[in-house]
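Just below is one structure, and these are the notes that go with it.
The values are calculated or read from the model by the stated rules, or taken from the named source; none is laboratory data. None of the values given here were measured: they were computed from a predicted structure. In this analysis, Cβ positions are derived from the backbone assuming ideal geometry, glycine residues included, and neighbour counts consider all displayed protein chains.
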Amino acid sequence: MTLDDKQFSAYLDLCDPAYTYKITAYSPEIRKDMTWLEHDKTGMQSLFGNLPKHNSDQSPLTRHVTVYTVKEDAAAQQAQVVSALQVFKTALDGGATELFAVGKLHDLISLAGEAPKLLAREVRLQTRMLGFGYHIPF
């Protein structure tokens, strides 16, 4: 919800200092995985800080996430979570909403400490045609 509301600092507050983020997709044309974006927490801070400098599509995104599986490792104080991801985009000129991207979130969550923190997120997209001009991560 923090990303939907463009509250980037609040999103990063949910992340561990060792947080890593990447967007990947499989290409049947080249029969290989592609990595479209890969950052650590500092890289994400830089990405979010540079957003106002980009000529970007300002249409709001709404992320719909459905948790599929949660596998807790009590000894490691971590959980692996796999969720379905649907991203909807609402056009500023007319307000029409369309399905923008579909994929899965593969999250590693630290359960140590007072509150859970995201250690790693891989956004594994099925959608590979996103157009241009959108710079906010999923």
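Quick notes
- Within the stretch 17-38, restricting attention to residues that are small (Gly, Ala, Ser) and surrounded by fewer than 16 Cβ atoms within 10 Å (Cβ to Cβ), the residue that is farthest from PHE100 (Cα to Cα) is ALA18.
- Listed by first and then second residue, the pairs linking a residue in the stretch 98-120 that is touching a residue at least 60 places away in the same chain (Cβ under 8 Å) and closer than 18 Å to VAL70 by Cβ to a residue that is among the hydrophobic types (A, V, I, L, M, F, W, C) and in a loop (DSSP other than H, G, I, E, B), with Cβ atoms under 6 Å apart and 6 or more places separating them unless they lie on different chains, are LEU118/LEU14.
- Those strands (runs of 3 or more DSSP E) of the stretch 21-138 in which 1 or more residues are closer than 19 Å to MET1 by Cα occupy 61-73, 78-90, 97-110, 117-125.
- VAL123 being under 18 Å from ARG63 (Cα atoms) and either touching a residue at least 40 places away in the same chain (Cβ under 8 Å) or surrounded by 14 or more Cβ atoms within 10 Å (Cβ to Cβ) (or both): yes
- Lone qualifier among LYS41, LYS71 - being closer than 19 Å to ASP107 by Cβ, out of contact with any Ser or Thr (no Cβ under 6 Å at 6 or more places or on another chain), surrounded by 12 or more Cβ atoms within 10 Å (Cβ to Cβ) and at pLDDT 95 or above: LYS41
- Positions within the stretch 84-124 being within 23 Å of LEU14 (Cα to Cα) and either acidic (Asp, Glu) or more than 18 Å from the chain's Cα centre (by Cα) (or both), in sequence order: ASP107, LEU111, ALA112, GLY113, GLU114, ALA115, GLU122
- Among the numbered conditions (1) under 18 Å from LEU125 (Cβ atoms); (2) surrounded by fewer than 11 Cβ atoms within 10 Å (Cβ to Cβ); (3) modelled with pLDDT of 95 or more, the only one that SER83 does not meet is (2).
- When residues in the stretch 27-50 are screened for being hydroxyl-bearing (Ser, Thr, Tyr) and in contact (Cβ under 8 Å) with a residue 12 or more places away in the chain, 2 of them pass.
- Filtering the stretch 1-16 to residues that are outside any loop (DSSP other than H, G, I, E, B) and either of a type outside the set (D, E, K, R) or exposed (fewer than 13 other Cβ atoms within 10 Å of the Cβ) (or both) leaves PHE8, SER9, ALA10, TYR11, LEU12, ASP13, CYS15.
- Candidate set from the stretch 39-64 (those that are more than 23 Å from LEU99 (Cα to Cα) and among the polar types (S, T, N, Q)); member that is nearest to the chain's Cα centre (by Cα): GLN45
- Remark: pairs (first residue in the stretch 2-23, within 28 Å of ARG128 (Cβ to Cβ); second residue of a type in the set (S, T, N, Q) and assigned to a strand (DSSP E or B); Cβ separation under 8 Å; 6+ apart in sequence or on different chains) = ASP4/THR62; LYS22/THR35; ILE23/THR35.
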